[in-house]
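Everything on this sheet refers to the single structure shown next.
The values are calculated or read from the model by the stated rules, or taken from the named source; none is laboratory data. Computed from a prediction, not measured in an experiment: that's the story for all the values here. As a convention, Cβ positions derive from the backbone with ideal geometry for all residues, glycine included, and neighbour counts pool all protein chains shown.
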Amino acid sequence: MRGLLAVLDFMARNGRAVLITGLAVGIAFPALARAMQPLIVPLIMVMLVIAAARIGPFEARLRPSAVPRALMVTVTLQTVLPLGGIAVLGLFGVLEAPWALGVVLALAGAPITGSPGLAILSRADPVPALRQVVLGTALLPVTVLPVFWLMPGLESPEAMLGAAARLLAIILVSGAIGFWLHHRFAALATPRGRAALDGAMALNMAVVVIALMAAVGPALWAGEAALWALLALVLVLNFASQLAVAGAAHGLGAGAAAPAMGIVAGNRNLAVFLGALPPDLVASVMLFVGVYQVPMYLTPFVMTGLYRRMVAAAPG
C-alpha cells in the first residue's frame, strides 16, 4: 500500500507530464489506441468516481441561490455560443464544411466528464466544474434543440435524447459511488488522501486519451495536411473560449470559480453526439474529435499559471 501511495503521489506531482505522455502514446501507437476504445466508458466512470470521492457530496451540492447563475452559464455555453458560431460560419459560407460541424458540436456540447480532473490538475477548484458537468449534461437535450434545427444535417435531434440520458445516468451512478467512498473512507479527505486521488485522476485521464487518439496517429503518419489545420483551429477554439469565459467570469465576480468556468467552456463532450449523428457525419468529424483532445490535455500545462493568478486575485 505504501508503494502504491508513493506512485500516486508521484503522478499527482507530475500530473501535467502524465497527461502529455498519454497523448504521445495514443498518437504513436494507433493499434493500441483502437484496442483500448472499448475501455473509454468504464474509464470515464472511474474518472467521475475519483472526482466525486475527492470533493464529497456536501461541497458538490448546488445552493438554491446559485441555481439561476448556473442555469445562465449552461444556456450561454451550450446554446448561445453555438448559435453564434453557426451565424459566423454561415456568414463566411463554410457552414457545411466537416470542420464547421466539429466546431458547432464543440460549442454545443456539455462539459467533458473530465472537467473536474482538469481543474484539479490546473490547481483550480473542481467543485464548480463538477456542478456544470451534471447540469450541462442534464439540460443538453433541451439546449441542443435550436442548434440541431439550424445546423445543416442535424435537423433531427430526437436521437440525442437517448445518448444524453445514458451519459447522465453514467454521471449520476459514478457520482453516487464516489460520494459513498468519500463518506465511507475518511482518509480520502486528508491531504495525503487527496494527493492519492489526484494521482489516480492523472493516470486515469492519461489512459483515456490513448483510446481517444485512434484517428490522429494514422493521419499524422499519412501526412494529411488537414491534420495541422485542424490542430491550429482547435487550439484557438479551446484556449480562446477558456480565456474569454474565465476572464468574463472573473470580471463578473465569480472569484475562485472563474478558472472552472473557463475549463468547462473550452472542453466539451463531443462523444455524446457520435451516437446521435448519421454514420457519414460521424466519419467526417472523427479526425476533429481526435485532434480536439490535444488542447484538452494541454490545459493544465498551458493555463495553470493564469488560473493561479485569478484565484490569488479573487476576493477572500
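So the values come out like this:
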quantity: Yes/no for Ala232 being out of contact with any helix residue (DSSP H, G or I) (no Cβ under 9 Å at 6 or more places or on another chain), without any contact (Cβ under 8 Å) to a residue 40 or more places away in the chain and assigned to a helix (DSSP H, G or I); calculated: yes
quantity: Matching residues in segment 262-285 - criterion: being free of Cβ contacts under 8 Å to residues at least 40 places away in the same chain and over 21 Å from Thr113 (Cβ atoms); calculated: Pro279, Asp280, Ala283
quantity: Hey, Phe288 touching a Lys or Arg at 6+ places or on another chain (Cβ under 9 Å) and either farther than 28 Å from Ala24 by Cα or touching a residue at least 40 places away in the same chain (Cβ under 8 Å) (or both) or not; calculated: no
quantity: Single unsatisfied condition, Gly22 versus (1) of a type in the set (Gly, Ala, Ser); (2) out of contact with any His (no Cβ under 8 Å at 6 or more places or on another chain); (3) surrounded by fewer than 20 Cβ atoms within 10 Å (Cβ to Cβ); calculated: (3)
quantity: Residue match in segment 183-196 (condition: over 18 Å from Asp9 (Cα atoms), out of contact with any strand residue (DSSP E or B) (no Cβ under 6 Å at 6 or more places or on another chain) and among the hydroxyl-bearing types (Ser, Thr, Tyr)); calculated: no
quantity: Residue among Pro259, Pro218 that alone is in contact (Cβ under 8 Å) with a residue 12 or more places away in the chain, more than 17 Å from the chain's Cα centre (by Cα), surrounded by 15 or more Cβ atoms within 10 Å (Cβ to Cβ) and assigned to a helix (DSSP H, G or I); calculated: Pro218
quantity: Out of Ala53, Ala60, sole residue that is of a type in the set (Gly, Ala, Ser), in contact with a Phe, Trp or Tyr (Cβ under 9 Å, 6 or more places away or on another chain) and at pLDDT below 85; calculated: Ala60
quantity: Which numbered condition Leu23 misses (of (1) over 25 Å from Val236 (Cβ atoms); (2) under 19 Å from the mean Cα position of the chain (by Cα)); calculated: (1)
quantity: Looking only at segment 262-280, and only at residues there that are in a helix (DSSP H, G or I) and surrounded by fewer than 18 Cβ atoms within 10 Å (Cβ to Cβ), the one that is modelled with the highest pLDDT; calculated: Asp280
quantity: Selection within segment 156-193 - charged (D, E, K, R) and modelled with pLDDT under 85; calculated: Glu158, Arg166
quantity: Residue list for segment 1-55, restricted to those being within 21 Å of Ala124 (Cβ to Cβ), out of contact with any helix residue (DSSP H, G or I) (no Cβ under 7 Å at 6 or more places or on another chain) and not aliphatic (A, V, I, L, M); calculated: Arg13, Asn14
quantity: Options Trp99, Trp149; residue that is among the aromatic types (Phe, Trp, Tyr) and touching a helix residue (DSSP H, G or I) at 6+ places or on another chain (Cβ under 7 Å); calculated: Trp99
quantity: Residue count for segment 87-117, restricted to those that are of a type in the set (A, V, I, L, M, F, W, C), closer than 21 Å to Leu235 by Cβ and touching a residue at least 12 places away in the same chain (Cβ under 8 Å); calculated: 10
